[in-house]
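In what follows, a single structure is set out as structure tokens and then discussed.
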Amino acid sequence: MRKRRENLRENFKMLEENQETTNRGITLIALVVTIVVLLILASVSITVVFGDNGILQLAKEAGEKTNEAVQNDKENIGNATNYIKSLSWDTTKVTAVTTKDGAIVPVPKGFVGSEVDGENTIKDGFVIYEGDSAVTNENVDTSKAREERNQFVWVPADGVNLEYKQDKETWKEEESDDYNDYNDWWDEEEIDFRKESVKKYGGFYVARYEAGVPGSIEYGEETNYKGESNLANRNKSADQVTKENLPASRKGLQAWNYVSPTNAKDLSENMYADSTSVTSRLIDSYAWDTICRWFSNSGINVTDSTSWGNYTDADSGENVNGLYSKHELAKGGWPPTDNDGNYGRGKVSFEARDRTAGKIDIYELATGISERNKAKNIYDFAGNMWEYTTEVSENTGFVVRGGSFTGPGGLIPASFRDYATIEEVGKSRWGFRAVLYLK
């Protein structure tokens, strides 16, 4: 009996030990299962939050779509605003033209809107050509329209997406202590006309190219000249230049340099002095700053224009073919030699330049011959020529914008303001550009 009780106690003990072992096993299994479930949940959570279709990605896409919708709304509002404005446009002076991207643009009489792909939208820069015959994909090259007809680009300063105004803060250079001393030299009646024109028509036109010398495109490959054509017309007053020799806004011309700012102003005004639909003027600070904002709003860098301007640091590796003048830059980067603009025709290769190794070749290019140097269908707004504006400073001189082929685009970008003193004007690196205001 005693032995049986001892056997029972041992059996119960073994059962208890087995139960504890089983419980421990179940606990471990439960723990493992719990960990696995937590890992799965964590993985799912990470995927939900960070995955391709996760919360963050969806939030980002939602934000982008919201911004896109806002921009589209602004553009639609701008288009609607232009439509409303078009109802009051003077149809004896302009024709309302619908662009390929749905905007309504006033094309002045004596000009036609481009039908060429890439030239017929506001987004890319809407181009008009002087004359009455259409410019299409089929005839733009065969008719040499870009070389034979003046061209301008519409700047949509509709007051919704873009406002026509002078900007002395956004593009201010810290080292320019006298920056706020710069003012345009026009009178109140002139600025009132420009503002009213932009308000009425929703924008203005800017020359597609820097002012160029008519006829210079005909110079042959062997031609090297020191500017008899260049200098003969350059620094004459506007009344000394015949109508056919007035500055042109066309591709491939020798840039109209060696000119004083006062003559650049008068020459610009004479370009369309006989027009009943437009008034031509030297570009002003309002127009220049507005274009800079237009570019910047589209992601074009106007505070470092190295990537799209003709500068000493524009090591693009590209080859361009056309008229050019070669200059030299001294060791250390300054000063450039001024060799009276010996122009020739041929291929220019932009290779990597070592600014410390000695003299390097720099090139003054004919108008618009490099596609790289284009933004919104406007050529050479960054670099190539310093461009006179109607801004002056009582203490310093005439304001020039955009930098030139003699300086670096990282330091002297499209937005940059500088000044030329009386002693400095009339050199190879000074040029200009016209704008058109609708009457």
Going by the conditions given, is GLU244 in a helix (DSSP H, G or I) and either free of Cβ contacts under 8 Å to residues at least 12 places away in the same chain or surrounded by fewer than 23 Cβ atoms within 10 Å (Cβ to Cβ) (or both)? yes
Residue check, PHE381 modelled with pLDDT of 90 or more, under 16 Å from ARG208 (Cα atoms) and buried (at least 24 other Cβ atoms within 10 Å of the Cβ): yes
Would you check which residues across segment 303-314 are of a type outside the set (Ser, Thr, Tyr) and surrounded by 23 or more Cβ atoms within 10 Å (Cβ to Cβ) and list them? TRP308, GLY309, ASN310, ALA314
Report the residue count in segment 247-286 for those that are part of a loop (DSSP other than H, G, I, E, B), over 22 Å from LYS427 (Cβ atoms) and over 23 Å from the mean Cα position of the chain (by Cα). 7
Can you tell me how many residues in segment 182-202 are in contact with a strand residue (DSSP E or B) (Cβ under 7 Å, 6 or more places away or on another chain) and within 16 Å of ALA96 (Cα to Cα)? 3
Pick from segment 287-319, criterion outside any loop (DSSP other than H, G, I, E, B) and among the polar types (S, T, N, Q), ranking: farthest from the chain's Cα centre (by Cα): ASN319
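Yes/no per residue for (1) among the aliphatic types (A, V, I, L, M); (2) at pLDDT below 90; (3) assigned to a strand (DSSP E or B):
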residue	(1), (2), (3)
ASP117	no, no, no
ILE128	yes, no, yes
TRP154	no, no, yes
VAL160	yes, yes, no
ASP167	no, yes, no
GLU174	no, yes, no
ASP177	no, yes, no
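The values are calculated or read from the model by the stated rules, or taken from the named source; none is laboratory data. Just so we're clear, the structure is a prediction, and the values are computed from it rather than from any experiment. Because the Cβ atoms are built from the backbone with ideal geometry, glycine has one as well, and the counts that use them run over all protein chains shown.
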